[in-house]
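Quick notes on the structure that follows.
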Amino acid sequence: MSVAVNLRIVDLRAKEFDSISANSAVPRAAVDITKAVEEIIPLLEDVRLTGQDAIVRVTTERDGVDPRPLKVSAQELAAALAHLDPSLRKAIEESIERVFKVSRANMPQSSSVRLSDGATVHQRWQPVESVGLYVPGGKAVYPSSVIMNVVPAQVAGVERLAVASPAQKACSGRPHPTVLATAALLGVEDVYCMGGPAAVAAFAYGLPQIDFAPVNLVTGPGNIYVAAAKRALRGTIGIDSEAGTTEILVLADSSANARFIAYDLVSQAEHDEAAAAVLVTDSVELANAVINELGDLVSATASSDRVRTALQGQQSAVVLVDNLDAGIAFTNFYATEHLELHTQDNQAVLQRITNAGAIFMGEYSPVSLGDYLAGSSHVLPTGQQAKFGSGLGVHSFLRPQQVIDYDKKGLAAVANLVKDFSEAEGLPAHGEAVTARFEA
């Protein structure tokens, strides 16, 4: 039986709005990462001081399982792969191949600039030496997150990869076997049974009891406490982003297929009760049609209660605007994680989009394709971070380094200019370090 979904309508027609008012009209779910950081500081310190013991304590208390041995054995990985459903294995292998292709194509290229005779600056890209890749558990199973984290790191040439995924009570206190099987398919040998902020702390501080050394960079999505641990430990480790709850914004006009849009909103709402699902349109008829479609779809889907809660939360809405120009403006102000374009001329609209984690073009490029098999990354910036950040990719595991290569002639050409700069800044020794090379 279909039950109406009370997806609220935000009417911005005949109204001016900017970034602040647009995001106030459709705010993300109420989460306070600052408070979450305060809550987990004692746990992070406990992991720093007692290592494995802290992880065992918190996992036993909160999840009711003992995660030891923390390191997943080669036998466990092989067994998980041996028992992987053949059809799922085929899907995973296809996803791996596609992400490899995109990652290789996106590998940055080194460059050299010759400024004058004997004066050259090279830029090279160096992989991070060690990475901790976090794969969440909880409400769903995420072999796709193993792929999205591991493949670009491998293409970048990261020497040491460690994967952590939470202990699952339903899996006898071990990470989910599909996660383990995917790691095995990718040749990852260092897999650990640990989750949440404790896992991030273990990545940052190491676990001496099991000879696990700290890593340089931590990537991967997680809940608010995982994001809080990343924020708290940034500086001790590098991080990709503070990835929050999933978001989808659909920008559509009257030409769009209401049923497809409704399916896509539901597909992201099933992630979490705090997931954001937003439709922006200048068509009242389309808005009403999508809302009508949602009733049947939400009632029929497996995670109906979770989806309904997400769609009826403050973070989800239908936003009515005067025209497509206003819709594009709202979209850029909102800066969503996933953006779908369903308009008569998606290419023209694309040229005017500035802020989005990933953009899905037309009715045959749904977000759920990107979650698994598009070849693109699904680890993307949330909570307006698309205004300054990007999704996870091969670039996330690389550092640009500039190599300065001048000979005597090249340095002589600018020696006096360096001297002038250094004296103007009150740092004469800088200039002297250059002119000394040309003294008799």
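Bear in mind these aren't lab numbers, they're just calculated from the coordinates by the rules spelled out. Keep in mind that what you see is a predicted model, and the values were worked out from it rather than measured. Cβ coordinates were reconstructed from backbone atoms using ideal geometry, including for glycine residues, and neighbour counts include every protein chain displayed.
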(request) Give a residue-ordered list of calculated ³J(HN,Hα) values for region 400-406 (Karplus: 6.51 cos²θ - 1.76 cosθ + 1.60, θ = phi - 60°; whole Hz; x for Gly, Pro). (result) x, 10, 9, 10, 9, 10, 10
(request) Return one number: the angle in degrees, 0 to 90 and rounded to the nearest 10, between the long axis of the Cα atoms of helix 415-424 and the longest principal axis of the Cα atoms of the chain. (result) 70
(request) Mind giving me the FRET efficiency for D85 and R231? R0 is 45 Å, r the Cβ-Cβ distance, nearest 0.05 is fine. (result) 0.75
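For the chain, what is the mean residue ellipticity at 222 nm derived from helices alone (per DSSP H run of n ≥ 4: -39500 (n - 2.57); sum divided by total residues; nearest 500 deg cm²/dmol)? Kindly include the intermediate steps, with their values, before the conclusion.
Values: 18 runs with 191 residues, N = 440.
Helix contribution divided over all residues of the chain: -13000 deg cm²/dmol.
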(request) Would you mind pulling out the separation of the Cα centroids of region 228-247 and region 7-50, in Å? (result) 14
(request) Quick one: check the C-alpha center-to-center distance for region 249-305 versus region 399-417, whole angstrom. (result) 58
(message) Using each residue's phi in region 108-116, evaluate 6.51 cos²θ - 1.76 cosθ + 1.60 at θ = phi - 60° and report the 3J(HN,Hα) Karplus result to the nearest Hz, with x for Gly and Pro.
(response) x, 9, 5, 9, 9, 10, 8, 8, 6
(request) Compute the label zone of K387 within region 345-359: residues whose backbone N is under 16 Å from the point 7 Å along Cα-to-Cβ. (result) 354-357
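Net charge near G244: determine it from the other residues with C-beta under 10 Å of the C-beta of G244, scoring Lys and Arg +1 and Asp and Glu -1. Write out the running numbers ahead of the final one.
Numbers: positive: R28; negative: E242, E247, D272, E337.
Surrounding charge for G244 is -3.
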(request) For a quick protection proxy, order the peptides 408-416, 189-197 by their average other-Cβ count within 10 Å, most packed first. (result) 189-197, 408-416
(message) Using each residue's phi in region 122-138, evaluate 6.51 cos²θ - 1.76 cosθ + 1.60 at θ = phi - 60° and report the 3J(HN,Hα) Karplus result to the nearest Hz, with x for Gly and Pro.
(response) 9, 10, 10, 10, 10, x, 4, 6, 8, 9, x, 10, 9, 10, x, x, x
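Please compute, over every Cα-Cα pair in region 39-118, the percentage with a separation greater than 17 angstrom.
Working: 2298 of 3160 pairs.
Looking at region 39-118, the distances longer than 17 Å represent 73 percent of pairs.
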(request) Give the calculated FRET efficiency between H122 and S21 to the nearest 0.05, with a Förster radius of 41 Å applied to their Cβ-Cβ distance. (result) 0.30
(request) Can you tell me the 0 to 90 degree angle between the C-alpha axis of helix 258-269 and the longest principal axis of the chain, rounded to 10? (result) 60
(request) Quick one: angle between helix 284-300 and the longest Cα principal axis of the chain, in degrees between 0 and 90, rounded to 10, please. (result) 80
(message) Quick check: from the Cα gyration tensor, does the chain come out rounded (a/c under 1.5), prolate or oblate?
(response) oblate
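Percent relative contact order of the chain, based on C-alpha pairs within less than 8 angstrom and at least six residues apart?
Working: 891 pairs, mean separation 97.3, N = 440.
It rounds to 22 percent for the chain.
Hand me the trypsin sites (Lys or Arg not before Pro) from region 1-72 located in a DSSP loop with no more than 15 other Cβ atoms within 10 Å, in residue order please. Write out the running numbers ahead of the final one.
Details: sites: R8, R13, K15, R28, K35, R48, R57, R62, K71; in loops: R8, R13, K15, R28.
Passing both the DSSP loop test and the Cβ count: R8, R13, K15.
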(message) Once you place label points 7 Å from the Cα toward the Cβ at Q351 and R437, how far apart are they in nm?
(response) 4.8
